[in-house]
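The values are calculated or read from the model by the stated rules, or taken from the named source; none is laboratory data. Note that the coordinates shown come from a computational prediction; the quantities given were computed from them, not determined experimentally. With ideal geometry, Cβ positions are generated from the backbone for all residues, glycine too; neighbour counts draw on all protein chains shown. Ligands, DNA and RNA are stripped out before the accessible areas are found, and what is left, the full protein with its side chains, is counted by its heavy atoms. Shrake-Rupley method; radii C 1.70, N 1.55, O 1.52, S 1.80 Å.
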Amino acid sequence: KPDFKGTIYRVQKKNAPQVANAYGQDVAWDKVTSADLTRLATDDRWMVRQRAAAISQKSRAKEAPGLADLSPTAKAILRLRACEAIARAKRIEPAQRDALLAMFGENLDPALEHGAIYAALTTRCFNLETLRQASSPVVIRRLLVAVDQSATDAVERDALVAWARKQIDSADAALARTAVAVVVRHPRALELLQKDFSAQLAGPSVSRGMLNILTEVTSAQIVKPEAQSLVTAMLKHPSAAVRQAAWQVISLQSGATSGGGRGSAPGRGTGRGPGRGSGGESVAVTNAEWLAPMSQSLGAAAAADLPLLLEAIGKLRTDHFDSALRGLINDEKRPQPIRLKALAAASRPNQPLGADAFAMLTPMAKGGASPTAQVDAVRFLARSRLSKEQLSALSPLLKTAGPVELRTLLPLTRQAFDAELGQVWAESVAQSPFVGSVEESLIRTSFASLPAEQYEKILGPAVRSAVAAQDAKKRRLETLSASAARGRASEGRKAYENSACVACHKADGLGRAMGPDLSRIGQIRSERDLLESILFPDATIARDYETHLVETADGQTYTGMVKNNSAEGLVLMDLAGQEKTLPQAQIVGNNVMNTSLMPMGLEQSLTEQQLLDMVAWLASLK
């Protein structure tokens, strides 16, 4: 938990023995023999092993290093160093090959397993024939990894896929997962298994392994008509699991539709798919043959199936489902999150928010709903195009909105604001008890249209007061830490369930994993660490959840977490939960900020006892 992000730390175990001549100053390197290199290849000193391996490879010594150390009676560290030496030399003797194959059947720790597989793939000492002769699931799994990554011949790779296909439903779960990964990774998997896929879908059920491959392959190659035909067959399948897999494939797409716009029937996938749209945006594939089976599913779906199905329908951006969606939206007996998902599926990008939708969202956003529904309603409003009248009607919400909601709503000031509306919003923000949870820079940016005198008069005192409160909060952290023993883990789950935390974090089955999963947070965080993370979210930011500030060539800036970064584009998810795909060619700047998307002030919505209870419960999750 570094105090300064980005610093490199060298950590040494207390009372660890000092290594003499760590760089091999005691070795006469200009006089070493092949026998010396074999011995030095397994030396205790890492830099000595590195140098010995380099010299051995350069001089092409005849003896392959570390023969004896592969035996099962040798220490694990010596066997690992032997594997490393073989991998660096990229040579292996017949006796070593036999010893390595025997290792593949042993119970190895992860480091030694990785070393053995790496030695095998760098030397290419095993092939498909070795796989066919193996019988142990653990040997087959490790050979699959090695052969898959070392095979270069196209015919052999095709044959490997056919052989791995037979293992995808293995009783050994690890082998089944590896076999699925090997098949999916092959660029011609769709072509090679097309007939197999169709035959499976023609039956009453699909095996779990085949369903995993179907999902992965069709997701990766959804732009191809063959993949879309498979998705159609999945949508029509009698098995609920197969239909759900098809919904997942459709819902995992990012971007706008590649079919017709609002009011026009989507055509067949044209190959544009998750690639470029006409304006350089990422687009999602749709297909006219998907609509009827999805409509049928929507009419008969169980409550637990609706969220995923609605997510998939939303990606298709068609009016085909509007009647059924309106029924869900207006059904007050439905859970509010379901009504919100139906509303999201029926909405269109860059379209004004209708009066009925606004009337449904505002009461949810003001409270009285579940925490998740409340935050979702605010996020929906934040990414909508609102009229001046709607923005004015929202201004009272700013006085009572929680820290997540306040920070989410502030960017709306970039919409249809004039001086009068800007003043109304500024007065509401100044009255918020959570104004200190928002960085002053964001407040200034949001109200940049306000004259300086007005900003100083309305918002200046509130911001300065919030800074003073931050100093007091630092003192409170120490007081709370000293009182951590008063926390009741038995009551903490209830406090968590009723907090805004569930909108972004998952813990023991509660909430959703937009942010880091907290289900085992007690393994790595003490009560004080957890309290600090709640009171000061910017103090520690989990890896891969950093906030990025991305600027594009047209002068636009976007803030959020990077969900995916590839040659295709950068997928950014903002605080509103909205994903935006930015083509790499348009990105001119990508900076990691030292602030968390998690806002400060969350503890203000809890009593002190509730906060201590929740922290005690989180600390118990191990």
Test: residue in the range 446-466 that is within 25 Å of Cys504 (Cα to Cα), open to solvent by 20 Å² or more (accessible area, probe 1.4 Å) and not polar (S, T, N, Q): no
Conditions (1) in contact with a helix residue (DSSP H, G or I) (Cβ under 6 Å, 6 or more places away or on another chain); (2) surrounded by fewer than 19 Cβ atoms within 10 Å (Cβ to Cβ); (3) farther than 24 Å from Ala284 by Cα; (4) not basic (Lys, Arg): number failed by Val183: (2)
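Conditions (1) closer than 22 Å to Ile168 by Cβ; (2) in a helix (DSSP H, G or I), marked per residue:
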| position | (1), (2) |
| --- | --- |
| Glu216 | yes, yes |
| Ser219 | yes, yes |
| Ile222 | yes, no |
| Met234 | yes, yes |
| Pro238 | yes, no |
| Gln244 | yes, yes |
| Val249 | yes, yes |
| Gln253 | no, no |
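Just to be sure, is Ala304 assigned to a helix (DSSP H, G or I) and within 24 Å of the chain's Cα centre (by Cα)?
On the way: assigned to a helix (DSSP H, G or I): yes; within 24 Å of the chain's Cα centre (by Cα): yes.
Yes; evaluated as a whole, the condition is true for this residue.
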Residue count, the range 318-353 (criterion: at pLDDT 85 or above and farther than 15 Å from Ala303 by Cα): 15
Neighbours by Cβ (under 7 Å, 6+ apart or cross-chain): first from the range 303-316, closer than 18 Å to Val285 by Cβ; second open to solvent by 40 Å² or more (accessible area, probe 1.4 Å) and not in a helix (DSSP H, G or I): none
Cβ-Cβ under 8 Å pairs, at least 6 apart or on other chains, the range 1-15 side open to solvent by 100 Å² or more (accessible area, probe 1.4 Å), far side modelled with pLDDT under 70: Tyr9/Pro2
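Scan the helices (runs of 4 or more DSSP H) fully inside the range 345-409 and keep the ones with 2 or more residues being open to solvent by 10 Å² or more (accessible area, probe 1.4 Å) and either in contact with a strand residue (DSSP E or B) (Cβ under 9 Å, 6 or more places away or on another chain) or among the polar types (S, T, N, Q) (or both).
Those helices (runs of 4 or more DSSP H) span 371-382, 388-394.
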Which listed residue is over 18 Å from Glu603 (Cβ atoms), open to solvent by less than 30 Å² (accessible area, probe 1.4 Å) and either modelled with pLDDT under 85 or in a helix (DSSP H, G or I) (or both), from Gly522, Gly515, Gly492: Gly522
Qualifying residue in the range 433-450 (condition: under 17 Å from Met600 (Cβ atoms), within 34 Å of the chain's Cα centre (by Cα) and either acidic (Asp, Glu) or at pLDDT 90 or above (or both)): yes
Of all residues making up the range 531-546, the number that are at pLDDT below 80 and open to solvent by less than 50 Å² (accessible area, probe 1.4 Å): 5
Residues being surrounded by fewer than 21 Cβ atoms within 10 Å (Cβ to Cβ) and touching a strand residue (DSSP E or B) at 6+ places or on another chain (Cβ under 7 Å) - total across the range 213-257: 2
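Please find, within the range 519-545, the residue that is nearest to Lys563 (Cα to Cα) out of those that are among the hydrophobic types (A, V, I, L, M, F, W, C) and within 21 Å of the chain's Cα centre (by Cα).
Applying the first criterion (among the hydrophobic types (A, V, I, L, M, F, W, C)) to the range 519-545 yields 521, 524, 530-531, 534-536, 539, 541-542.
Still in the running and within 21 Å of the chain's Cα centre (by Cα): 521, 524, 541-542.
Working: Ile521: 22, Ile524: 24, Ile541: 16, Ala542: 14 Å.
Among them, the one singled out is Ala542.
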Counted residues, the range 598-622 - those being under 25 Å from the mean Cα position of the chain (by Cα), under 24 Å from Gln578 (Cβ atoms) and buried (at least 22 other Cβ atoms within 10 Å of the Cβ): 3
Subset of the range 71-110 [of a type in the set (D, E, K, R) and free of Cβ contacts under 8 Å to residues at least 24 places away in the same chain]: Lys75, Asp98
Cβ pairs under 8 Å, 6+ apart, first in the range 507-527 and hydroxyl-bearing (Ser, Thr, Tyr), second loosely packed, with under 13 Cβ neighbours inside 10 Å: Ser519/Gly509
